[in-house]
Structures are given as C-alpha cells and as structure tokens.
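Working notes, beginning with the structure itself.
The values are calculated or read from the model by the stated rules, or taken from the named source; none is laboratory data. Here the structure is a predicted model, which is why all the values come from computation and not from measurement. Every residue, glycine among them, receives a Cβ derived from its backbone with ideal geometry; neighbour counts consider all protein chains shown. In case anyone asks, the SASA skips ligands and DNA or RNA and just uses the protein heavy atoms, side chains included. Shrake-Rupley method; radii C 1.70, N 1.55, O 1.52, S 1.80 Å.
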Amino acid sequence: MPKLNYLPFTRIVATPAALDVTIWPTEALALRTAADEVLLLSSAPPTLVDPHAIVVPDSGFVGAWLPAEAVQAIFEQHCEWALPATRSVFVQGAVAGIAAKLWLEAERGLLIVPAAYGHDFAERTGLA
Amino acid sequence: MNIIVNTMPVAFEAGDSVLVALQRAGLHPNRGGCLCAAGDCPHCLATVNGVAYVRTCQTLAQPGMIVESFPTDDYPHLPTNTQRGPTVSARNLHCDVVVIGMGESGQVAAAAATAAGKSVITLDDKVGQEVVGIYPELMVVARTSAGMLHIHAHDEVVVATGAAEIQPVAPGNHLRGIVTPRAAAHLAAKGVALGRVVVVESGDAVDLSASPTLNIIAHLKGQVLQFEGLDTLQAVVVLDENGHSQRIECDTAVVWLGLTPRDLLVRMAAGLKVRAVGDAAREADLPPCPDAGMVCSCSNVSAADLQRVWDQGFHEMELVKRATLVGTGPCQGVVCVPHMRSFLATRTAAADSSANPDIARLSKVQAPFTARPVVRQLTLGEVAAGAHHHATPRTGLDAEHRRLGAVMDRIGGWWRPWHYGNPLAEYWAVREAVSIGDVSTLGKIIVSGPDALAFLERLYPTKVSSIAVGRSRYVLILDERGYVMDDGLICKDSDTRYTLTFTSGGSSHAEMWLRDWAEGWNMDVRILNQTMSLGAINVTGPLATQLLQRAGLTQPYKFMQHGHASIADVPCRVYRLSFTGEVSYELHHPVDQSAKLWRTLMTLGADLGIRPHGLQTLLQLRLEKGHVIVGQDTDFDSTPRRIGMEWALRMDKADFLGKPAIERTNKTVLDKQLVGFEMPAPAPFEGANIMHEGEYVGYVTSSTYSPVLGKVVMLGWLKLVNGTLPSEVMIDGRPARRVDVPFYDKEGARAKA
Ligand code: FES
C-alpha cells in the first residue's frame with residue numbers, strides 16, 4: 001500500500017462567486033471543498049477576481065494516490081457511504097471515522113485527510 | 001478427525017455440523033429440548049472455541065474445535081482471560097435490492113429485481129451469511145466467517161427466510177430425543193442413528209419416506225400429552241385423533257405442529273421498505289394451547305408461568321413478554337411465540353369479555369410482538385465491526401515527542417507531551433536558559449475582507465482599530481451573555497486582514513463561531529482556519545532571542561509584535577509574546593516542517609542549556625504569572641469582572657458582543673472573584689475547598705508549587721463575605737493568604753526584556 005505523504009496544496013478562500021469564475025491552470029487539481037474554499041494542487045498560482053481572497057500554501061493535509069480498486073476496498077471496509085458512480089468526481093465525508101476527501105478518477109483516486117489525523121487514518125486503513 | 005467436546009474427543013466426518021457430530025456420538029449439545037437443525041431454536045447452543053451461544057447445527061465441525069456445553073443451571077460464563085478477542089472487519093456494500101434467503105421465493109424475488117434493472121445482493125444462511133438485523137436507512141447487517149457485512153439497500157429488502165417448524169410444548173419437552181421432521185430427515189441423511197422413532201403430527205401429513213433409514217415404529221395423528229424419561233426420552237404419551245391416550249416407548253419423537261414464518265427481520269423493520277415473500281409471508285399455524293411444559297426454554301417460562309401472569313392481568317403479547325421475558329432469549333421468540341399466541345387466543349376466547357373490557361378489545365389471535373435487532377447473539381468484536389472510536393489529532397511533532405520519551409496525554413482535544421521525564425529541569429530551562437514547547441494546538445484563523453475590521457470590532461471587547469499592522473493584542477472572547485468563552489490574540493496583518501488565535505480547546509468551536517456571526521451580520525469577510533495546517537513552537541527563556549538569532553532571526557521583535565522570518569530555513573510567522581513570563585516567541589510554520597525546525601533549534605541551543613518543556617511545566621509557568629486558563633479557572637458564568645479582567649474591555653466602544661449583558665450584570669453586587677492565593681508546600685489538589693471561619697467560601701482552580709518563589713501559588717474562586725474578599729483562608733486544612741497576581745515578575749519586565 002502507498003504511504004500517506006504531505007500534499008503541497010495551495011488553500012484558497014474567496015467569495016463563492018469569485019471561485020465560480022476562476023479558471024484554474026490546466027494541469028491543476030482544484031478541489032472545491034466548500035462554497036468559499038478550494039484546495040489547489042498546482043505549480044502555477046491562480047488568478048482570482050477577489051482582491052481579499054486568502055491564498056496560502058498549505059501542508060496541513062496528507063494523502064496518497066491509490067489504484068481505484070484500493071480506494072474501493074478502503075471504502076468497503078471503512079465507509080458507510082457509497083462511492084459515486086461518476087468519474088472524475090470529488091467527494092468528502094467520514095472514512096474510517098476520520099474526515100476525508102477523495103478525488104476519484106477512472107483508474108485512481110487521491111485520498112486526503114488532515115495531517116493531524118494521518119497517523120490514525122493510516123493505522124485504520126493500512127496506508128502506513 | 002475430532003472435535004473436543006467437554007474435554008473429550010468426538011469424531012466427525014467431513015461436512016458434519018457440530019450438532020451432527022454430537023448426535024452421531026449420542027450426545028446432545030446441551031441439557032436437551034427439541035432440535036430443529038435449522039437455526040431456529042435455542043436447543044443446540046453451545047460455547048464453541050470460546051464463543052458462547054453458537055448454534056452447533058449451523059456450525060461446520062473442524063478438527064480441534066473446542067465445544068463446551070453450557071452449565072446446567074446457569075448462563076455460559078464470561079471468559080476469564082483478559083486477552084483481546086479477534087478484531088472483526090466490516091464490509092460495506094451498496095445495492096438497490098437485498099434479498100435474504102435463497103430458497104425458491106428468494107430466487108424468484110432476486111430474478112425479478114434483476115430483470116427490472118436493479119442491482120441485487122443476495123444473502124443466504126446456507127452459505128454462511130447470517131442476517132442479524134435490519135436498521136434504519138435500510139442497512140442489512142449480516143455475519144459471515146470473513147466478518148460482518150453492512151449492506152446498504154437503496155430500494156428495498158426482500159425477506160425470503162421461509163418458515164420454522166413449531167416445536168412441541170408438553171411436560172418433558174426438555175428431554176433429549178425430540179426432533180422436528182426436518183431435523184429427523186437431516187440427521188437420518190447424515191447417518192445419525194435415532195433408534196425407535198415415533199412420529200406425531202397435528203393433522204398435516206408428514207412425509208419421511210425420503211428417510212428410509214429411520215426406524216419408525218409408530219406414526220400417529222394427535223397431540224403429545226407427555227414426553228417421558230429422565231434426561232433422555234424413553235416414551236411418549238399421545239392423545240390420538242380418536243381421543244385415545246397411547247403410551248409408546250421410543251428413543252426419538254418426531255413432532256409436527258405446522259409452520260410459523262421466519263419474520264423477525266420484517267417485524268423489526270416497521271416503516272422501512274422491507275417485505276416478506278414465500279413462507280416468510282405465510283400465516284402462522286396455531287399449535288394447541290399449551291397447558292403444561294416449557295414454553296420458552298431460553299427464559300425458563302413454563303405454561304404455568306403464562307397462566308400466572310394471565311391471572312395477574314397481563315393479556316397482551318407485549319405485556320406478557322415484559323412480565324415473563326418470554327421471547328427475549330437467544331431464539332427471539334421463534335419457539336415460544338406460536339404457543340403464546342395460542343395461549344392468549346384460547347384464554348381470550350374463554351374469558352367473559354363483557355366483564356373484562358380490556359379483553360374485549362383484544363383480537364382473538366394477537367400479532368407477534370415487535371422484534372428488535374439483533375436476532376443472533378454476536379460477539380463484542382462483531383458488534384464493533386466497522387465502528388471507529390474518536391481519533392485524537394496529533395501535531396507535526398508527535399513522533400518527535402515520543403522519540404524523546406515524552407509522557408503523552410490527550411489534553412485539550414490533542415495528543416500532547418505532558419513532560420519529558422524531568423519536569424523540574426524543564427521548568428528551570430525556561431526560567432534560566434531557553435526551552436522550546438509545542439503549541440501547535442492553538443487555534444489560528446485568518447479573517448480577510450473589506451469588513452474585517454468592522455466584524456472584529458463588533459465581535460471583540462477590545463478596540464481593534466487601535467491595533468497597528470504588525471502588532472498583536474491579548475483579547476477575551478465573550479458570548480452574548482457577557483460570559484468568558486475563550487481568549488487569544490488579535491494580530492493585525494493589514495488593514496483588511498487579521499490573524500486570530502484561540503486556545504487549543506476553543507479552536508474547534510472558534511471557526512463556527514466566527515462564521516456564524518459573519519453570516520448573521522452579513523459581513524464581507526473570508527475566514528480560513530489554519531489550526532491544523534500550521535505547526536507552532538514556543539521558544540522561551542532569557543536566552544530565547546540569542547537562540548533565534550543563531551537560527552536566522554535578523555530583526556529584533558518588540559513585545560506583542562509579529563512578522564515573517566526564515567528560522568532554520570523554515571518560513572515562520574514570528575509572534576513575540578509571553579505566556580511563561582519569560583521572553584517568548586511563537587514560531588508558526590508549515591506543519592510538514594515542524595520536526596526540522598524543532599531539531600535545528602535543539603541543536604543550535606545545546607550549549608545554551610536548551611530543553612523541551614511539556615504541558616506540565618507550561619501550566620506551572622503560567623500560573624506563576626497568574627494567567628487564567630479558560631475552562632479550567634473559569635466557569636460557565638465567569639464574567640470579566642468576576643475573573644478580574646475588566647481591563648480587557650473597552651466599555652466606551654459603541655458595541656461589542658456581550659456588552660449589553662456586561663452593562664446589566666455590572667449593576668449587580670459582585671458576589672465572587674477569581675483571585676490568587678499562596679501558602680507553604682505541599683500544593684493542595686485542584687478543586688480543594690476554600691474555607692473562612694469554618695464556612696465554605698470557594699474552591700481552588702489551579703495549584704502548583706513554584707520553584708522560583710519557594711511556595712505554593714494558586715488561583716481560586718472566592719466568595720465575598722460581608723462585601724469583602726477574605727484575606728486569610730484555610731485550604732486543605734492549612735492557612736493560606738489571598739494575594740495579588742501575578743505571583744512572579746509583577747511588572748512583566750522579564751517577558752518584555
Ligand atoms: S437445532 Fe440448531 S437451532 Fe435448532
């Protein structure tokens with residue numbers, strides 16, 4: 001199993017309207033975690049129309065890219081909610097009793113948890 | 001191949017259940033009772049491999065399996081060892097339709113659902129999938145040898161579990177040697193010798209022709225009046241269809257009284273989309289009214305017991321269940337409910353309903369009572385499968401603390417180091433040299449936006465507009481009722497952006513608190529909680545500045561000033577403040593670099609006498625300074641006036657959260673205050689009563705021995721006596737003196753040095 005590693009996110013909090021119209025860099029992975037918040041994996045900074053947006057580097061999350069079957073197995077064992085059928089898709093909720101985020105593509109998924117819970121998450125899911 | 005039954009080896013053949021192995025050896029798993037060999041009754045239960053309440057008829061025998069009968073007059077004993085049982089995993093599956101039972105009707109239901117384009121999951125106890133309950137939101141829980149299944153059905157659950165054979169109630173029905181027709185056929189097919197067999201049926205034709213090995217010596221229509229024998233059946237007395245009583249000596253009685261639907265799962269799922277099909281949906285046959293014998297062997301309820309509670313006025317299924325516990329044992333009423341219904345129907349019909357209005361409203365044959373999960377006895381591991389206890393977050397330095405041998409504890413909602421083995425040395429490192437502590441758990445929230453100042457001005461009791469960029473201010477956080485809810489810092493980053501800090505315990509609530517008010521007041525602000533994203537190390541002690549200069553701090557910081565700096569090549573937000581009473585810097589930094597920063601500081605400070613300090617030392621240091629810990633020193637009704645911190649309020653502000661309540665409560669007479677005390681060692685325990693002239697006047701909230709002052713210092717709540725605070729009190733039965741705080745460095749010169 002892959003290990004959990006710190007993820008070099010940029011965390012963005014801005015007005016929902018500003019985030020709605022933001023064009024993210026093409027290679028970026030922009031995860032809309034809330035109406036006013038995005039977690040961005042990108043080497044290039046985004047251009048935001050909100051001058052008061054908070055844009056900060058954030059290493060507060062750990063995660064791992066896993067094959068889709070491994071994601072499925074973790075969800076079957078540790079999660080009472082179902083994975084959506086659509087791909088690519090971003091979902092959030094309790095996995096193994098810990099608040100987790102999941103970016104799911106056709107062949108793989110990025111499982112993300114707050115670094116402060118990484119130890120317990122890894123212990124519970126075998127991602128240690 | 002052998003299983004071990006009550007310490008004796010018992011041979012079995014491949015494919016045998018434990019029950020078959022036992023029966024082949026002439027043994028019964030327990031005291032006795034009619035066997036069904038179908039998982040419906042409580043008569044084959046035993047302890048298998050240390051797990052009690054295992055249905056031996058449903059358990060495949062395996063070499064070396066340890067089988068123990070229950071004590072004859074007691075429940076199975078709890079294991080005496082303290083070893084943790086095996087962890088049981090849970091698997092969550094999702095589908096449209098769950099079909100339980102794969103007999104004919106189950107197969108039809110599954111095929112129909114599949115044909116309708118539904119995703120279907122089927123469960124069948126014949127292949128070891130034992131459904132134990134159906135829960136709200138249509139979750140079916142099943143036990144398998146590989147762990148528990150939690151199946152979430154979107155559309156419906158179809159129960160196709162068939163029907164159970166009704167077992168006989170008559171004197172002697174506890175004996176060994178009584179079986180249902182299905183059990184007889186099953187045991188015969190397995191080559192179990194049942195001896196001389198008598199078949200007694202209630203009216204339907206029982207066909208045992210497929211079991212030619214059975215030595216049937218009599219086949220009667222009628223009702224069993226009595227089973228005779230000591231432990232084992234020796235004869236059966238039957239009232240035949242002609243009304244004649246016959247006594248027939250035999251080794252086995254096969255008794256047929258009809259079928260009752262296996263509908264426990266349906267009866268526990270009221271309001272859910274659960275339906276029964278096939279025999280699970282059939283009308284239950286009604287056996288003869290039990291006049292004598294054991295009705296419920298799980299709970300030891302006899303026919304005489306039913307009569308007794310009937311005579312006491314218990315006439316409904318639910319009430320009889322509560323009065324006798326009938327139906328609450330391992331079989332969950334499968335065996336006893338048909339007889340209860342028959343008993344109540346017979347007594348109701350016979351009663352003079354004109355004289356008994358409560359009987360008059362009862363239907364002749366009452367419906368079975370509501371069932372509740374679980375229908376099978378589970379181990380604690382099976383119950384807990386898939387459940388996770390609350391996880392306690394860890395700072396980026398957690399592994400570092402443990403590597404250094406810290407005593408860790410869960411404090412303020414986090415794993416934190418209590419001390420590193422020598423708290424006194426940690427204390428003196430702060431007071432005389434330099435020390436570092438992990439304060440990553442403090443709440444850290446950014447507020448940005450055109451309304452940031454207006455928002456915070458309305459929220460906090462301090463004058464936020466007077467805080468300059470690059471400066472911080474200590475603040476009390478009040479609720480609408482003017483009570484102290486938390487405390488922290490306001491740090492001004494720019495005219496439209498502030499960083500707020502909160503206590504470790506208050507941080508989880510802080511973000512919601514901010515968002516709630518921002519939304520309620522329609523403030524144009526953005527809020528980002530960085531508590532878990534930033535680590536924080538407190539560098540404190542008279543040599544703290546020297547250490548940080550070695551690590552890369554180039555500019556001097558004044559007290560309550562903040563800015564950015566690269567410390568040990570780690571980008572840090574530096575806050576000059578003090579909680580310990582010495583020069584202190586908090587270094588907020590990316591949490592993934594906590595260990596690097598910590599180790600570099602420890603290396604650079606080696607010749608300065610650096611030591612890490614834990615929370616025990618931090619609490620001692622702050623108490624010497626008289627700093628209040630919200631939640632420990634404060635109570636639910638602590639106002640700034642009561643904790644002696646009115647200096648933190650700007651009552652001349654137009655408004656702030658809690659101001660009207662403060663104005664109102666300030667008009668009342670002050671009744672108690674949080675004040676400082678000192679006394680000689682030893683330190684009283686926190687919570688100790690404070691007495692004055694023999695009367696209770698308060699209690700201690702914080703207490704420690706102060707090495708630097710050579711005495712005990714405390715904070716505590718003290719009632720005013722005749723309008724004044726007593727100066728001399730008794731704590732822990734010893735004299736103590738009320739004194740002003742802080743206890744140490746009253747002018748704060750050391751922190752501001
Ligand atoms: S004989 Fe096993 S449950 Fe009845």
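With r defined as the distance between the Cβ atoms of A:ARG108 and B:ALA14 and R0 fixed at 60 Å, what FRET efficiency is calculated, to the nearest 0.05? All intermediate terms of the calculation are to be shown ahead of the outcome.
Working: r = 44 Å, r/R0 = 0.74.
FRET efficiency, A:ARG108 to B:ALA14: 0.85.
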Hz values of 3J(HN,Hα) by residue in region B:102-119 - Karplus curve (6.51, -1.76, 1.60), Gly and Pro given as x: 10, x, 4, 5, x, 5, 5, 5, 5, 5, 5, 5, 4, 4, 7, x, 8, 7
Tally the DSSP beta bridges in chain B and give the antiparallel ones as a percent, rounded to 5. 75 percent
What is the extension gain from B:GLU283 to B:MET1, computed as 0.36 nm multiplied by their sequence separation minus the C-alpha to C-alpha distance, in nm to one decimal? 97.2 nm
If amide H atoms are modeled at 1.01 Å from N in the peptide plane, then the residues at a separation of 5 or more from B:PHE70, or on another chain, having amide H under 5 Å from its own are B:THR47
Area of B:GLU318 that stays accessible when all protein chains are in place (1.4 Å probe, Å², to 10): 60 Å²
1/(1 + (r/R0)^6) with r = Cβ-Cβ of B:ALA205 and B:HIS390, R0 = 51 Å, i.e. FRET efficiency to nearest 0.05, evaluates to 0.25
Once ligands and nucleic acids are excluded and a 1.4 Å probe is used, how much of B:THR665 is accessible, expressed in Å² to the nearest 10? 40 Å²
Where does the charge balance sit around B:VAL255 when Lys and Arg score +1, Asp and Glu -1, over other residues with C-beta under 10 Å from its C-beta? -2
Expressed in nanometres to one decimal, the distance between label points 7 Å along Cα→Cβ at B:TRP647 and A:THR26 is 6.2 nm
Give me the one-decimal nm value for the distance between modelled label points at B:GLU241 and B:LEU60, 7 Å along each residue's Cα-to-Cβ direction. 4.3 nm
Which whole-Hz ³J(HN,Hα) couplings does region B:663-672 yield from phi under the Karplus relation 6.51 cos²θ - 1.76 cosθ + 1.60, θ = phi - 60°, glycine and proline marked x? 4, 6, 6, 5, 7, 7, 6, 5, 10, 7
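Rounded to the nearest angstrom and ordered from largest down, what semi-axes does the equivalent ellipsoid of the protein assembly as shown get from its C-alpha gyration tensor (root of 5λ)?
Working: eigenvalues 991, 223, 150 Å².
They are 70, 33, 27 Å, listed from largest to smallest.
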Which of the lysines could a cross-linker span from B:LYS463 if the Cα-Cα distance has to be under 18 Å and same-chain partners fewer than 8 positions apart are dropped? B:LYS492, B:LYS653, B:LYS659
Which length gain, in nm to one decimal place, applies between B:ALA25 and B:GLU519 when the Cα-Cα distance is subtracted from 0.36 nm times their residue separation? 170.2 nm
Full-extension gain between B:LYS746 and B:VAL127, please, as 0.36 nm times their residue separation minus the C-alpha to C-alpha distance. 215.1 nm
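How many square angstrom of accessible surface are buried between A and B, both sides summed, with a 1.4 Å probe and rounding to 100? List each step's numbers first, then the result.
Working: alone 6960 and 33720 Å², together 37960 Å².
Chain pair A/B: roughly 2700 Å² of buried accessible area.
Could you compute the net charge surrounding B:PRO450? Neighbours are other residues with a C-beta less than 12 Å from the C-beta of B:PRO450; K and R count +1, D and E count -1. Working shown, then result.
Values: positive: B:ARG497, B:ARG526; negative: A:ASP50, B:ASP451, B:ASP495, B:ASP524.
Neighbour charge sum, excluding B:PRO450 itself: -2.
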With both partners inside region B:167-257, how many of the DSSP beta bridges are antiparallel, as a percent to the nearest 5? 45 percent
In Hz, Karplus ³J(HN,Hα) per residue of region B:333-349 (6.51, -1.76, 1.60; θ = phi - 60°; x = Gly, Pro): x, 4, 7, 8, 4, x, 6, 4, 4, 5, 4, 5, 5, 5, 5, 5, 5
By a straight-distance test (C-alpha under 22 Å), which lysines pair with B:LYS126 as possible cross-link partners, with residues fewer than eight away in the same chain excluded? B:LYS190
Using the heavy atoms of the protein chains alone and a 1.4 angstrom probe, what is the accessible area of the protein assembly as shown per residue in square angstrom? 43 Å²
Distant-in-sequence amide H partners of B:LEU225 (H built 1.01 Å from N, under 5 Å): B:VAL237, B:VAL238, B:LEU239
Projected area averaged over all directions for the convex hull of the alpha carbon atoms of region B:41-178, nm², comes out at 11.4 nm²
By the scheme Lys and Arg +1, Asp and Glu -1, what is the net charge of all other residues having a beta-carbon under 13 Å from that of A:ALA128? 0
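As an exercise, take the mean of 1/r over every pair of distinct alpha carbons in region B:167-257, invert it, and state the Kirkwood radius in angstroms. Working shown, then result.
Working: mean 1/r = 0.0783 Å⁻¹.
Mean inverse Cα-Cα distance, inverted, gives 12.8 Å.
In the protein assembly as shown, what % of DSSP beta bridges are antiparallel (nearest 5)? Don't skip to the end; give the middle numbers.
On the way: 153 of 190 bridges.
Expressed as a percentage, antiparallel bridges in the protein assembly as shown total about 80.
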Amide H neighbours of B:VAL712 under 5 Å, at least 5 residues apart or on other chains, H built in the peptide plane: list them. B:MET679, B:ALA681, B:SER706
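Equivalent ellipsoid semi-axes for region B:634-739, as square roots of 5 times the alpha carbon gyration tensor eigenvalues: give them largest first, rounded to whole Å.
Values: eigenvalues 170, 50, 22 Å².
Gyration-tensor ellipsoid for region B:634-739: 29, 16, 10 Å.
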